[in-house]
Amino acid sequence: MTCTTRTSLSALLVLSALAAPATFAAPPLRTDFDTLADRAQTLAAQPYSPVPSQTPQALRQLSYDQMRDIRFKPERAAWRAEQLPFELMFFHLGKYQTEPVRLHELTPEGERAFRFDPQNFSYGANALNPQSWGDIGYAGFRVHYPLNNPAYKDELVVFQGASYFRALSKGLHYGLSARGLAVDSAGGGPEEFPRFTDFWIERPDAKAQALTVLALLDSPRLSGAYRFEITPGTTTSMTVKARLFLRASPQNPIRTLGIAPLTSMFNFGENQPSRDDFRPEVHDSDGLMVASGEGEWLWRPLQNPRKPLVTSFTTQSPKGFGLMQRDRSFSSYEDSEASYERRPSAWITPLGDWGKGRVELMQLPTPDETHDNIVAYWVPATLPAPGQPLDVSWRVDWQGEAQQRPPQAWATQTRVGRSFAALAQNEQQFIVDFNGPALPGSGELKAVVSANSNGHITEQNVYRVEATGAWRLALRVKTLDPARPVELRAYLTAGPDTVSETWTYILPAL
């Protein structure tokens, strides 16, 4: 009997042990980059299905000012009660943002959804009934952090609209934006705007100095997973990791896949002064800078062209590119409200070898400063087959006074127009100033200047401007056929050594 009893007890223990795993709590559900990439690959293997919008008609009909009257209540910010270094606030759907994004919090215990709650918002004078809408979702979110003052959390980063995001560094105002991806921005066909449909924001600890955000991107011709690590400071840096999967689209293949795109505004500037505006310059960026894989630094001043203008720089394994705001003086803009001198530059540093491709710059005409008209991005020379991964990583540095510059010397201004001497027909004059540590205080420098076959250099001269210490290149060029563009290049040399970046300019066809 005793033996039988022991055997029965052993059997019960074995059965209990086998059943025990079912009695334990399952591991917490927590999305990471690899699981998100698997989901993106699965999506890319299926037909595109957009996220349905449930934005009520009452919100769609609101005016711009009525939408501005809907404000998130700061006291409702996520993580405020816990006094964490970062806080989250959410954007309301409405007239201009009708497509919802799904937001989630990642914690060690798992993940949870940030569901729409009308109690998070003040609706002002709007006569709305938000309690009747249900969970309509949010239009995006913003991150707050004590960037300028430890007693106040400033707005640091915004993710809102398609795959757009923008960030601030200490002492700066918002200016240009970045995107997760650009598809067919140039090429004559319609542009496709991939969307971040879902975000997972990692809950920071009390001593966190960076914030991690995961995002799922989807569009008719591709899907992708993204990871952002955001480190605020005098220069706010965002490390971006992406894995992209193209959908099979034989009837409509992607012509231009733009990696690490930047979007900005250039209305007028020193190279295109306005005739009827008291401000000398109005722009969020004044030039494209490229550090090629071959070791050349290039600077192309931006323009507001009369018709769309697309140019590019082909290179192998680029070291970086960016849309820069080099003019940092108030006197360059004289706008006490817009403060263009405090708009950030954005510098892209590739992480890993990007291989062969081109930095492409698209410039569109704009009637005023309310429209972004400048886009720059990297285009890889080859794309993977549908369903195969394209892994690419980069860092975006949002910079102010301390910004990326060439190691030797750079163009500080580009002016266009005649002085006392008249110009010949189809002739143009450029005044380009250079400064930097490689330039001497005296002596002699020479300029190496070239034009494509449609341009004839009629005059060039290099001299030092005693009032500023800059070295000035005075250049005249004649267009041979006004129906074709002229490409210009110029850099400074001291003996056999190149001592400046390469200034490049395009005179568009008439």
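The values are calculated or read from the model by the stated rules, or taken from the named source; none is laboratory data. Source: prediction; values computed, not measured. With ideal geometry, Cβ positions are generated from the backbone for all residues, glycine too; neighbour counts draw on all protein chains shown. We work out accessible area using only protein heavy atoms, side chains counted, and drop any ligands, DNA or RNA first. Shrake-Rupley method; radii C 1.70, N 1.55, O 1.52, S 1.80 Å.
Please list, by residue number, every one of the GluC sites (Glu not before Pro) in region 68-116 that is coil in DSSP and has at most 12 other beta-carbon atoms within 10 Å. Write down the numbers at each step before the final one.
Working: sites: E75, E82, E87, E105, E109, E111; in loops: E82, E109.
Here the sparse-neighbourhood loop sites are E82, E109.
In debye, nearest 20: dipole of the chain around its Cα centre with unit charges on the Cβ of K, R (+) and D, E (-)?
Details: 50 positive and 54 negative charges, 137 e Å.
In total the dipole reaches around 660 debye.
Using θ = phi - 60° and the Karplus relation 6.51 cos²θ - 1.76 cosθ + 1.60, list the HN-Hα couplings for region 352-360 in order, rounded to whole Hz, with x at every Gly or Pro.
Here the 3J(HN,Hα) series is x, 8, 7, x, 8, x, 8, 8, 10 Hz.
Can you quote the Å³ per residue value for the convex hull of the Cα atoms in the chain, rounded to an integer? Mind showing how you got there, number by number?
Details: hull volume 115.9 nm³, N = 510.
With only Cα atoms used, the chain gives 227 Å³ per residue.
Length gain on complete extension for the stretch A381 to Q83, per 0.36 nm per residue less the alpha carbon to alpha carbon distance?
102.5 nm
Which whole-number percent is the relative contact order of region 353-510 (Cα, under 8 Å, 6+ apart)? Show your work: numbers first, answer last.
Values: 273 pairs, mean separation 28.3, N = 158.
Contact order relative to length: 18 percent.
Report relative contact order for region 241-288 in percent, whole number only (criteria: Cα-Cα under 8 Å, sequence separation at least 6). Write down the numbers at each step before the final one.
Values: 28 pairs, mean separation 14.2, N = 48.
Result for region 241-288 is 30 percent.
For region 359-505, just list the percent of Cα-Cα distances falling in each 10 Å bin from zero outward, please.
Going out from 0 Å in 10 Å bins, region 359-505 shows 9, 28, 31, 23, 7, 2, 0 percent.
How much length, in nm to one decimal, is gained on full extension between K73 and N149, taken as 0.36 nm per residue of separation minus their Cα-Cα distance?
Working: separation 76, 0.36 × 76 = 27.36 nm, distance 2.05 nm.
Roughly 25.3 nm would be gained on extension.
Suppose R0 equals 30 Å. What FRET efficiency, 1/(1 + (r/R0)^6) with r the Cβ-Cβ distance, do Q119 and D368 give to the nearest 0.05?
Numbers: r = 38 Å, r/R0 = 1.28.
After rounding to 0.05, the efficiency reads 0.20.
Would any residue of region 92-121 have its amide N under 14 Å from a label point 7 Å out along Cα→Cβ of R30? List them or say none.
105-112
Under 13 Å between alpha carbons, and skipping anything fewer than 8 positions from K207 in its own chain: which aspartates and glutamates qualify?
Straight-distance partners of K207: E82.
Just want to confirm a number: the relative contact order over the chain, from Cα pairs under 8 angstrom separated by 6+ residues, in percent.
On the way: 1213 pairs, mean separation 57.4, N = 510.
Across the chain, relative contact order equals 11 percent.
Residue separation times 0.36 nm, minus the C-alpha to C-alpha distance between S442 and E459: what's the value?
Details: separation 17, 0.36 × 17 = 6.12 nm, distance 2.25 nm.
Additional length available on full extension: 3.9 nm.
Could you check how many percent of all C-alpha pairs in region 193-336 are farther apart than 20 Å? Please list the in-between numbers first.
Working: 6759 of 10296 pairs.
Roughly 66 percent, once rounded to a whole number.
May I ask you to work out the translational diffusion coefficient for region 214-284 at 37 °C, viscosity 0.692 mPa s, via Stokes-Einstein with Rh from the Kirkwood sum over Cα pairs, reported in whole µm²/s? Could you put the intermediate results ahead of the total?
Numbers: Rh = 16.2 Å.
In µm²/s, the coefficient is 203.
Once the Cα gyration tensor of region 117-233 is diagonalised, what are the square roots of 5 times its eigenvalues, in whole Å and ordered largest first, as equivalent ellipsoid semi-axes?
Details: eigenvalues 137, 107, 47 Å².
Rounded to whole Å, the semi-axes are 26, 23, 15.
Let me know the volume per residue of the alpha-carbon convex hull for region 253-297, in Å³. Kindly include the intermediate steps, with their values, before the conclusion.
Details: hull volume 6.0 nm³, N = 45.
It is 133 Å³ per residue.
Roughly how many percent of the accessible protein surface of region 169-216 is carbon and sulfur, given a 1.4 Å probe and a whole-percent answer? The partial results should precede the final answer.
Numbers: 780 of 1610 Å².
Within region 169-216, the accessible surface is 49 percent carbon and sulfur.
So which of K95/K241; K319/K446; K307/K478 end up more than 25 Å apart, counting from Cα to Cα? Intermediate results must be reported in sequence, preceding the final value.
On the way: K95/K241 32 Å; K319/K446 27 Å; K307/K478 21 Å.
From K95/K241; K319/K446; K307/K478, over 25 Å: K95/K241; K319/K446.
Roughly how tilted is helix 33-44, in degrees to the nearest 10 and between 0 and 90, from the longest Cα axis of the chain?
That works out to roughly 80 degrees.
Using 7 Å Cα-to-Cβ label points, what is the R418/Q61 separation (nm, one decimal)?
6.0 nm
Per residue, how much accessible area does the chain show when a 1.4 Å probe rolls over the protein heavy atoms, in square angstrom? If you can, show how the numbers build up before the last one.
Numbers: 23750 Å² over 510 residues.
Ligands and nucleic acids excluded, the figure is 47 Å² per residue.
In the P(r) worked out for region 24-146, what percent of Cα pairs fall beyond 27 Å?
Working: 2320 of 7503 pairs.
The answer is 31 percent, as a whole percent.
Could I have the simple spin-label model distance between E334 and R39, label points 7 Å from Cα toward Cβ, reported in nm to one decimal?
With each label point 7 Å from Cα toward Cβ, the separation is 5.3 nm.
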